[in-house]
1. Under 10 Å from the Cβ of S29, count the other residues' Cβ atoms, weight Lys and Arg +1, Asp and Glu -1, and hand me the total.
2. Give me the distance between the Cα centres of the range 141-161 and the range 35-79, rounded to whole Å.
3. May I ask for the equivalent-ellipsoid semi-axes of the chain, computed as the square root of five times each C-alpha gyration tensor eigenvalue and listed largest first in whole Å?
4. As a test of the formula, what do you get for the chain when each DSSP H run with n ≥ 4 contributes -39,500 (n - 2.57) and the sum is divided by the residue count, at 222 nm and rounded to the nearest 500 deg cm²/dmol?
5. When the dipole is taken about the Cα centre of the chain, and only Lys, Arg (+1) and Asp, Glu (-1) are charged at their Cβ, what size is it in debye, to the nearest 20?
6. Over the chain, give the accessible area per residue in Å² for a 1.4 Å probe, as an integer.
7. Which of the trypsin sites (Lys or Arg not before Pro) across the range 42-117 are loop residues per DSSP, with 14 or fewer other Cβ within 10 Å?
8. Say the dipole of the chain comes from +1 at the beta carbon of Lys and Arg and -1 at that of Asp and Glu; which of L162, A108, A151 then lies farthest toward its positive end?
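The values are calculated or read from the model by the stated rules, or taken from the named source; none is laboratory data. The structure displayed is predicted, hence computed values, not measured ones. When we count neighbours, we look across all protein chains shown, and the Cβ atoms used for this are built from the backbone with ideal geometry, even at glycine. The accessibility values were calculated without ligands, DNA or RNA, using every heavy atom of the protein model including side chains. Shrake-Rupley method; radii C 1.70, N 1.55, O 1.52, S 1.80 Å.
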Amino acid sequence: MAMAASASGDAFEGVAAELDYPMLIATTSADGESTGCLVGFATQVSLQPARFLVCLSDKNYTHAVATRASHLAVHYIAADQVELARLFGEQTGDVINKLARCDWRLAADGLPVLTGAECWFAGPIVQVVPFGDHTGFVIEPDRGAAPERSAQLLSSLQVRSLEPGHGA
Ligand SMILES: Cc1cc2nc3c(=O)[nH]c(=O)nc-3n(C[C@H](O)[C@H](O)[C@H](O)COP(=O)(O)O)c2cc1C
């Protein structure tokens, strides 16, 4: 890749647009509402205790539910499950019930767990941090299922043409 020097914020956007990172589907539940959305802004932030950060746009329906929720689940899906990514990334719970259009099961603490995921983990929300137009939800994973084989997981460059269901 050729590098062009830039003194403006365009450089950051240019770099970020080329990064390939894992995509996940975060689900949550509160007051009888269960939902989820496609997320790219996420990372492990502590080893002991194990903690994982999921950043949700404050415009998203999932954000509204998560602010009232006690737990959050994180699912990684296979590289060929773009349709599932499309459902959670291009549709909004403001308009449709995404969980009526995919397979899932009800797990402990009312969490919806997507049965089509390659692997998942979940846990209580232990910290909520405002970051600008996204809010960080830090979970302490205490359950889940590891992948049975080393599957190729869905990553950001594969879904960069999707149109988010909610404007940023
Ligand atoms: C490639 C891609 C990455 C995204 N990353 C995030 C993200 O990190 N955090 C987030 O809250 N939404 C992210 N979104 C947007 C939401 O998944 C999308 O707006 C979704 O429709 C919101 O659904 P909801 O309103 O039901 O929560 C991303 C969407 C796409 C297509």
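1. Working: positive: R68; negative: D31, E33, D109.
Combined, the nearby Lys, Arg, Asp and Glu give -2.
2. One Cα centre to the other: 14 Å.
3. Details: eigenvalues 128, 65, 61 Å².
Here the semi-axes work out to 25, 18, 17 Å.
4. Values: 3 runs with 24 residues, N = 168.
When only DSSP H runs of four or more count, the value is -4000 deg cm²/dmol.
5. Values: 10 positive and 19 negative charges, 58 e Å.
Roughly 280 debye, rounded to the nearest 20.
6. Working: 9160 Å² over 168 residues.
Accessible area per residue: 55 Å².
7. Numbers: sites: R51, K59, R68, R86, K98, R101, R105; in loops: K59, R68.
When the trypsin sites (Lys or Arg not before Pro) of the range 42-117 are filtered for loop state and at most 14 Cβ neighbours within 10 Å, R68 remain.
8. A108
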